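Single-structure report; data block below.
The values are calculated or read from the model by the stated rules, or taken from the named source; none is laboratory data. Given the structure is predicted, the values throughout are model-derived calculations rather than measurements. Cβ: placed from backbone, ideal geometry, glycine included. Neighbour counts: every protein chain shown.
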Amino acid sequence: MKTLIIIPAYNEAENIERVVDGLINGYPQYDYVVINDGSSDNTEEICKSRGYNYISHPVNLGLAGAVQTGMKYALLKNYDAAIQFDGDGQHNPEYIAEMEKLIENGTNIVIGSRFVTEKKPKTARMIGSILISSAIKLTTGQKIKDSTSGMRMFDRKTVKILAEAVDLGPEPDTVSLLIRMGFKVKEVQVTMNERIAGESYLNFSRSINYMFRMFTSILILQWFRRS
Amino acid sequence: MPIILRITLLAVSLITAVFVFGKIRKSQFAVADTLYWIFFCLMLLLISVFPQIIYAAAHILNIESPANLIFTVIIFLLLVKLFLLSLKISSLETKLTRLIQSCAIERKEKNENSETDK
C-alpha cells in the first residue's frame, strides 16, 4: 500500500529538518512531500539544499490550501492513502502502520487520536475539543474523541474528494460532514509531542474564532451542504 | 414600530437566509464567509419578532423613532461588511501581484535555462 505523508510547512525552518530527517532515516518505507506554504523564512532553501521532496506555493494559502495541494499531489501520483502530518514535530510516524491497516480494511478516514485509551483532560485548553466533539456527537451520533487532531489519514476515495472540493478543509467540520455522508471514520491511539521551536498559529482570539466557526459549521451549516 | 416594517424585516431575513443556504448547498459560498450573513439574518429575525429590544435600545440612546435605530444599525453593519471586504480585496491584490511576479520570474528563468542549454 502506497501512503503519502503530507507535511504542510509555514515558517518551519527550525523544525523541518528534524521532522523530515526523522522520516527519511526512521521510516523510509513511506513517501512524503513538504508543502512550503509561501514561507518567509528559509524553509524553502533548507528543503532545496537538503534535497527534500517539496512543493512551494508562491503565495501563502493557509493550512487548508497547503493540505489540499498535498492531496492534489497524492491524487496525481496515484497514492492509496495520504496522511496529514505536522511540520513542527508534534506528530509521531510510529503510528502510521496501524492507521494504514484500518484503511486497508475499509475505513475511509483514520484519526490519530490522543484520547482513545487515554482520558481527555478537562482543562481550559481542551474546552474547544470537548465542545466540538459534542457537536459532532449531536449531529452524527458518532463520538470522535480527538476532533481537533491534525493527524488524519484518508483513503483514495476521500483523497480525491478533498483534492477537488472547494470547501472541504482539514477540519473537524469536514470530518463531521463526511460521517454524515456515510464515510467510515475510526480513531487510533497515538501520542503527540509539544511544539519545540517556532510559533504556533493559534493564539487566544484565533482559537475562539476557530471554535465559533467550527461550532456553527457543524451544528447549522452542514445540514445545507450536499456531496 | 409599524407592523409593515416588522413584516418586511422578517421577510428580508428569511429571503436572505434562503439565498445564503442555497449558495452553500451548491458549494458556491465558502462556509467561513457565510457567517456574517447568517448573523445578519438572525439579527433581522430577532428584531422583527422581538421589537421590544429596539424599543429599549432607542429609549436608552434617546432616539425618537425605533425605525431610525434599525436603519442606523443596518447601516453600521453594512459599513462593517464594506470594511471587511476592502481588507479582503486588498489582501487578494497583494497575493495576485506576488503570484504574477513569481510566475513571470519563473518563466524568465526557464527561458534563460533553455537558452544556455542550446
Q | Selection count where residues are in contact (Cβ under 8 Å) with a residue 12 or more places away in the chain, part of a loop (DSSP other than H, G, I, E, B) and within 29 Å of A:LEU102 (Cβ to Cβ), scope the range A:11-52 | A | 6
Q) Exactly one of (1) within 22 Å of A:ILE208 (Cβ to Cβ); (2) outside any helix (DSSP H, G or I) is unmet by A:MET153. Its number? A) (1)
Q: Report whether or not A:ASN60 is among the polar types (S, T, N, Q), at pLDDT below 95, surrounded by fewer than 21 Cβ atoms within 10 Å (Cβ to Cβ) and assigned to a loop (DSSP other than H, G, I, E, B).
A: yes
Q: Look at the range A:63-81 and say how many of its residues are within 14 Å of chain B (Cβ to nearest Cβ) and either in contact (Cβ under 8 Å) with a residue 60 or more places away in the chain or crowded, with 23+ Cβ neighbours inside 10 Å (or both).
A: 3
Q | In the range B:60-74, the residues that are of a type outside the set (Gly, Ala, Ser), surrounded by 10 or more Cβ atoms within 10 Å (Cβ to Cβ) and assigned to a helix (DSSP H, G or I) | A | B:PRO66, B:ASN68, B:LEU69, B:ILE70, B:PHE71, B:THR72, B:VAL73, B:ILE74
Q) Of the residues that make up the range A:2-12, is at least one touching a strand residue (DSSP E or B) at 6+ places or on another chain (Cβ under 8 Å) and basic (Lys, Arg)? A) yes
Q.
I'd like to know if the range A:66-82 contains one or more residues that are out of contact with any Gly (no Cβ under 7 Å at 6 or more places or on another chain), assigned to a loop (DSSP other than H, G, I, E, B) and among the hydrophobic types (A, V, I, L, M, F, W, C).
A. no
Q.
Could you list, ordered by first residue, the pairs with Cβ atoms under 7 Å in which the first is in the range A:160-172 and farther than 10 Å from A:LEU75 by Cβ and away from chain B (no Cβ under 13 Å) and the second is of a type in the set (Lys, Arg) and surrounded by 20 or more Cβ atoms within 10 Å (Cβ to Cβ), at least 6 apart or interchain?
A. A:PRO170/A:ARG152
Q. Going by the conditions given, is A:GLY112 out of contact with any Gly (no Cβ under 7 Å at 6 or more places or on another chain), surrounded by 24 or more Cβ atoms within 10 Å (Cβ to Cβ) and not in a loop (DSSP other than H, G, I, E, B)?
A. yes
Q: Just give me the residues in the range B:8-59 being surrounded by 15 or more Cβ atoms within 10 Å (Cβ to Cβ), within 14 Å of another protein chain (Cβ to nearest Cβ) and not in a helix (DSSP H, G or I), in sequence order.
A: B:SER27, B:PHE29
Q: Test A:LYS137 against the stated conditions and say whether it is out of contact with any strand residue (DSSP E or B) (no Cβ under 8 Å at 6 or more places or on another chain), modelled with pLDDT of 95 or more and on the phi < 0 side of the Ramachandran plot.
A: no
Q | Residues being more than 13 Å from A:GLY150 (Cα to Cα) and part of a loop (DSSP other than H, G, I, E, B) - total across the range A:161-181 | A | 5
(Q) Looking at the structure I just gave you, is B:SER91 of a type in the set (Gly, Ala, Ser), closer than 30 Å to A:GLY65 by Cβ, assigned to a helix (DSSP H, G or I) and more than 14 Å from chain A (Cβ to nearest Cβ)? (A) no
Q.
Quick check on my filter: what residues within the range A:206-227 are within 7 Å of chain B (Cβ to nearest Cβ) and either surrounded by 19 or more Cβ atoms within 10 Å (Cβ to Cβ) or among the charged types (D, E, K, R) (or both)?
A. A:ARG213, A:THR216, A:SER217, A:LEU221, A:ARG225, A:ARG226
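Listed here are the residues, each with its yes/no results for (1) modelled with pLDDT under 95; (2) farther than 22 Å from A:LYS157 by Cβ.
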| position | (1), (2) |
| --- | --- |
| A:LEU4 | no, no |
| A:GLU14 | yes, yes |
| A:CYS47 | no, yes |
| A:LYS72 | no, no |
| A:GLN90 | yes, yes |
Q | Flag for B:LEU5 being out of contact with any Asp or Glu (no Cβ under 9 Å at 6 or more places or on another chain) and surrounded by 12 or more Cβ atoms within 10 Å (Cβ to Cβ) | A | yes
